[in-house]
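J.: Just passing along the structure, written as structure tokens.
The values are calculated or read from the model by the stated rules, or taken from the named source; none is laboratory data. As the structure is a prediction and not an experimental result, all values here were calculated from the model. Cβ placement follows ideal geometry from the backbone for every residue including glycine, while neighbour counts extend to all protein chains displayed. Calculation scope for accessible area: heavy atoms of the full protein, side chains included, ligands and nucleic acids excluded. Shrake-Rupley method; radii C 1.70, N 1.55, O 1.52, S 1.80 Å.
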Amino acid sequence: MSKSVAIIGGGAAGFFTAINIAEQNPNLDVTIYEGSNKLLTKVLVSGGGRCNVTNTISDPIELTKQYPRGHDFLLPVFEQFTSDDTERWFTERGVPLKCEDDGRKFPKTNSSHTIFNCLTNLASKHNVVVKLSHRLENFTHVEHGWQLEFNRLAVTCDYLVLCTGSSPSIYNLLGTKDIEIVPPLPSLFTFKAKDHSLVDLAGVSVEKSSVSIKEIKNSSENGPLLITHLGYSAPAVIKISAWYARELSQLDYRFTLVINWGSYDAHMLRELFKSYTVDRPKERIMSWKEHGLSKRLWLHLCQVAELKEYTNWSEIGKKGIQRLTSALCQFESQIAGKSTFKEEFVTAGGIDLSVVEPDSFKIKGQPNLYAAGELLNIDAVTGGFNFQAAWSGAFIAARSIALHSQ
Ligand SMILES: Cc1cc2nc3c(=O)[nH]c(=O)nc-3n(C[C@H](O)[C@H](O)[C@H](O)COP(=O)(O)OP(=O)(O)OC[C@H]3O[C@@H](n4cnc5c(N)ncnc54)[C@H](O)[C@@H]3O)c2cc1C
């Protein structure tokens, strides 16, 4: 009789595991059990409906640098299956990818439906059985495998792969099985400003900001920054929210965001302003153009620095230079909460990586039990890296099961 594999969760990790097992060992019976009545929900909404499948960064060391949680564990993982392998995998199965200037890779069709169709068609081609509305409620080890309890059904399988994403009930269930869980909390979010002093500038963005969190030593991220109606967004903020997800949670998302609006060097800026007091004494400060910011933001920062509309460089004085430099390089904004970024978020936390074998994605000490995807304590900044971790883990788990079962 053929051996059976039960995959719990019909998301990216679940489908990728199922298809790769079926391709590598067609003698196995593979079933995906999905708790809801829909498949690949996150794939469909991902990347604004375009699905940011992966990224051009493919060197395993460079790739691991995109993961606030999981970087050490992922090095041997990406040495086995990296972003180039993801691109090859999809291209060979009729889905060529295209690359954007920032390194993100999408299907050439620009539609997440292409990824959805690719995964569901391949699963069907390889006789993977898909059962919707089958929510796993418990699993227990039995001789040669696992007994699974769904809403109204119990089945047994030889191999069990958990791909349930950030499902709280599965975290609780795993806790009862002595599988260590790092407490889950959100990552990839935007900041809500308390008494938003810049609300009138909502929509204004800067290309080269650097931001830091006053309460967290050495915290700093660079990149575009957007002032929103609620507070701040765009890559600089999203990245710092991911790298300090745990610390920000401990601060209850109440902290001081320090903004350098142009990644300026404060010392050089002070010297430049000093030189203007001699070189261009009669020029109005507000007319200065080389700041690289939008006019509205520049005028606002001049007001923050208490400069009058007609103040010229000869009148600025030492204190005025100090205030203007601070407004440009160390603008402080009180943050009192978080919000989502284009509805995109990931969960930091999940199965503790010390119990996962990176060569097989097998859970240590649990016979024939595997896990892949967001259920593990792995998460990344935006750019296709979260899917990449899911593809890599799922491929390695599948290869291990396919080989082991032969
Ligand atoms: C709006 C949005 C956009 C995103 N865009 C991108 C992007 O462009 N690029 C990128 O890299 N990442 C993106 N991400 C993150 C990415 O979607 C996830 O990292 C990825 O989907 C994780 O895949 P997964 O299979 O592990 O989990 P999921 O996709 O969450 O799938 C888990 C599945 O398991 C099912 N399940 C849960 N519990 C049970 C149970 N007890 N029994 C049976 N089934 C169960 C769930 O219903 C679900 O279908 C985005 C996330 C969001 C929310």
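J.: Hey, if you put +1 on the Cβ of every Lys and Arg and -1 on every Asp and Glu Cβ in the chain, which of His71, Val346, Leu251 ends up farthest toward the positive end of that dipole?
T.: Leu251
J.: With an 8 Å cut-off on Cα pairs and a minimum separation of 6 or more residues, tell me the relative contact order of the chain in percent.
T.: 23 percent
J.: What is the angle, in °, between the Cα long axis of helix 112-125 and the longest principal axis of the Cα atoms in the chain? Nearest 10 is fine, range 0 to 90.
T.: That helix lies at roughly 10 degrees to the long axis.
J.: From the C-alpha gyration tensor of the chain, pull out the three semi-axes of the equivalent ellipsoid (sqrt of 5λ each), sorted largest to smallest, in whole Å.
T.: 50, 20, 17
J.: Something else: Which of the peptides 99-107, 349-357, 395-403 is most tightly packed, and how do the rest follow, judged by the mean count of other Cβ atoms within 10 Å per residue?
T.: The densest-packed peptide leads the list: 395-403, 349-357, 99-107.
J.: Which order do peptides 174-181, 153-160 fall in by mean Cβ count within 10 Å, highest first?
T.: Per-residue mean Cβ counts within 10 Å order the peptides as 153-160, 174-181.
J.: For Thr156, list long-range residues whose amide hydrogen, built 1.01 Å from N in the peptide plane, is under 5 Å from its own amide hydrogen.
T.: Excluding prolines and chain starts, which carry no amide H, the hits are Leu148.
J.: Let me ask something else. Among Ser111, Phe387, Gln366, which residue has its Cα furthest toward the positive end of the charge dipole of the chain, with +1 on Lys/Arg Cβ and -1 on Asp/Glu Cβ?
T.: Most positive-ward Cα: Ser111.
J.: Against the longest principal axis of the chain, how steep is helix 266-279, in degrees 0 to 90 to the nearest 10, with axes from Cα atoms?
T.: 30 degrees
J.: How many nm separate the modelled label positions at Glu207 and Glu92, each set 7 Å beyond the Cα in the direction of the Cβ?
T.: The answer from the label model is 4.0 nm.
J.: Just need the relative contact order of the range 156-256 here, percent rounded to a whole number, with Cα pairs under 8 Å and 6+ apart.
T.: Normalised by residue count, the contact order of the range 156-256 is 26 percent.
J.: If you roll a 1.4 Å probe over the heavy atoms of the protein chains, what accessible area per residue do you get for the range 204-319, in Å²?
T.: About 55 Å² of surface per residue is accessible.
J.: In degrees, nearest 10, range 0 to 90: what is the angle between the Cα axis of helix 295-304 and the longest Cα principal axis of the chain?
T.: For 295-304 against the chain, the angle is about 70 degrees.
J.: Here is a follow-up. Mind listing which GluC sites (Glu not before Pro) in the range 104-171 are in a DSSP loop and have 16 or fewer other Cβ atoms within 10 Å?
T.: Filter output for the range 104-171: Glu137, Glu143.
J.: Using modelled backbone amide H atoms (1.01 Å from N, in-plane), which distant-in-sequence or interchain residues come within less than 5 Å of Lys194's amide H?
T.: Result for Lys194 returns Gln334, Ile335, Ala336.
J.: With +1 on each Lys and Arg Cβ and -1 on each Asp and Glu Cβ, how big is the dipole of the range 189-343 about its Cα centre, in debye rounded to the nearest 20?
T.: About 120 debye.
J.: Once both labels are modelled 7 Å past Cα along the beta-carbon direction, what's the Ile61-His113 spacing in nm?
T.: About 4.4 nm, to one decimal.
J.: Right, another one. At a 10 angstrom cut-off on C-beta neighbours, averaged per residue, how do the peptides 200-211, 282-293 rank from highest to lowest?
T.: Most protected by this proxy first, the peptides run 200-211, 282-293.
J.: So for the pair Gln334, His404, with labels modelled 7 Å out along Cα→Cβ, what separation do we get in nm?
T.: It is 5.4 nm.
J.: Okay, moving on. Mind listing the long-range amide H neighbours of Tyr370? Cut-off is under 5 Å, sequence gap 5 or more, other chains count too, H placed in the peptide plane at 1.01 Å from N.
T.: Long-range HN contacts for Tyr370: Leu160, Val161, Leu162, Ile363.
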